[in-house]
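Step one of this worksheet: look at the structure below.
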Amino acid sequence: MANSVSAQSVESLRSVFDYPFTLIDVGAAGGVNRRYWKNFRNLTVVGFEPDEREFGKLQQSERHRWYQVALSSSDGAFDLHVTRHQTGTSLLEPNLELIQQLDMDVRNFDVLRKVPLRCQTLDRVCADHGIVPQVIKL
């Protein structure tokens, strides 16, 4: 009996890799990390990257759609805080006190400029483009 449960569990796991689903990638700099998603054969990625430095590097394809859109909890205009190190770029200002406590190099979080952006909610963008996500990576 234990063998049949185990075999059934393994078969269920295999079917997960074949199941078609949509991954929302918020802050899509660098694209999808293949290490985590390479086994999913029917994965469609919809990514959002407002920073023009990284958006220009993303490649559109049948299974990868990228939008140069900033997402926020409400629609409106907000400043994107562009930092020296791209992964620190955010609508939020860097919390330098916390960064120092984490023993990280605060220079990477220097705000080089603020770029005003029109932001939308994820719900609005999904409704406008007919996107039905199953997984969201923040």
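The values are calculated or read from the model by the stated rules, or taken from the named source; none is laboratory data. Bear in mind that the values here come from a model prediction, so they are computed numbers and not experimental data. FYI the Cβ positions are ideal-geometry reconstructions off the backbone, even for glycines, and counts take in every protein chain you see. Note: areas computed on protein heavy atoms with side chains; ligands, DNA, RNA excluded. Shrake-Rupley method; radii C 1.70, N 1.55, O 1.52, S 1.80 Å.
Site pair Leu98 and Arg63 shows an inter-label distance of 3.4 nm when each label is modelled 7 Å from Cα along Cα→Cβ.
How large is the dipole of region 47-108 about the Cα centre if only Lys and Arg carry +1 and Asp and Glu carry -1, each at its Cβ, rounded to the nearest 20 debye? Mind dumping the intermediate values first?
Working: 6 positive and 11 negative charges, 55 e Å.
Dipole size: approximately 260 debye.
Could you grab the Rg to Rh ratio for the chain? Cα atoms only, Kirkwood for Rh.
Numbers: Rg = 18.7 Å, Rh = 17.1 Å.
Rg divided by Rh gives 1.09.
For the chain, what is the mean residue ellipticity at 222 nm derived from helices alone (per DSSP H run of n ≥ 4: -39500 (n - 2.57); sum divided by total residues; nearest 500 deg cm²/dmol)?
Working: 5 runs with 39 residues, N = 138.
Helix-only estimate at 222 nm: -7500 deg cm²/dmol.
The residues neighbouring Thr83, those whose beta-carbon lies less than 13 Å from its own, together hold a net charge of -1 under the Lys/Arg +1, Asp/Glu -1 convention.
Label point of Val115 set 7 angstrom out along Cα-Cβ; within region 67-86, amide nitrogens under 18 Å from it belong to 67-72, 76-86.
Against the chain, whose longest principal axis is taken from its Cα atoms, helix 2-18 shows a tilt of about 50°.
Over region 7-86, what percent of the accessible surface lies on carbon and sulfur atoms, probe 1.4 Å? Write out the running numbers ahead of the final one.
Working: 2400 of 4740 Å².
Its accessible area is 51 percent carbon and sulfur atoms.
Averaged per residue, the chain has 67 square angstrom of accessible surface, using a 1.4 angstrom probe with ligands and nucleic acids left out. Packing around the peptides 80-89, 113-122, 34-43, taken as the average count of other Cβ atoms within 10 Å per residue, puts them in this order, highest first: 80-89, 113-122, 34-43.
Legend: residues Ser72, Ser15, sorted from most to least accessible area (1.4 Å probe; ligands, DNA and RNA excluded), read Ser15, Ser72.
Apply the a/c threshold of 1.5 to the C-alpha gyration tensor of region 46-93 and tell me whether it is rounded, prolate or oblate.
Numbers: a/c = 2.89, a/b = 1.41, b/c = 2.05.
Oblate, since a/c reaches 1.5 and b/c is not below a/b.
Taking a sphere under 11 Å around the Cβ of Gly47 and counting the other residues whose Cβ falls inside, with K and R at +1 and D and E at -1, yields a net charge of -1.
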